[in-house]
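Structure first, then comments.
The values are calculated or read from the model by the stated rules, or taken from the named source; none is laboratory data. None of these values were measured; they are calculated from a predicted model. We place every Cβ from the backbone using ideal geometry, glycine too, and count neighbours over all the protein chains shown.
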Amino acid sequence: MNSGSNPPNPQDGSHSLSTGDDESDSPCIGICTTLYDEICQGCGRTLNEVSNWVFFSDEEKASVWKRIREDGTAMRFQRQLKENKPT
């Protein structure tokens, strides 16, 4: 990266894995763990949803996004809460 370049815009989706933003097609934040059950603690998806994500229709993806947002326990959403917390 050259020093004259502009910093990436966090809203452009380029930091989806590091920040867990909503611009990404996938809920993945690069922290994949399914200890104790078949739900990824990073994104909240099931193992089946993770492995078949690329084959899901837009409607199927939207359904998964809705469920994991409503649940809100995945690390993805805990990070967002911390990042959006007023200081």
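In segment 62-82, the qualifying residues are those that are charged (D, E, K, R) and under 12 Å from the mean Cα position of the chain (by Cα), and the one that is nearest to S24 (Cα to Cα) is R76. Looking only at residues of segment 54-79 that are at pLDDT 90 or above and of a type in the set (K, R), we find that the one that is farthest from G44 (Cα to Cα) is K61.
Kindly list the number of the only condition in (1) modelled with pLDDT of 90 or more; (2) not in a loop (DSSP other than H, G, I, E, B) that fails for P27. Result: P27 fails condition (2) only. Using beta carbons and a limit of 7 Å, which pairs, at least six apart or on different chains, have the first residue in segment 32-60 and part of a loop (DSSP other than H, G, I, E, B) and the second one surrounded by fewer than 17 Cβ atoms within 10 Å (Cβ to Cβ) and of a type in the set (D, E, K, R)? From residues that are part of a loop (DSSP other than H, G, I, E, B), the pairs are G44/D71.
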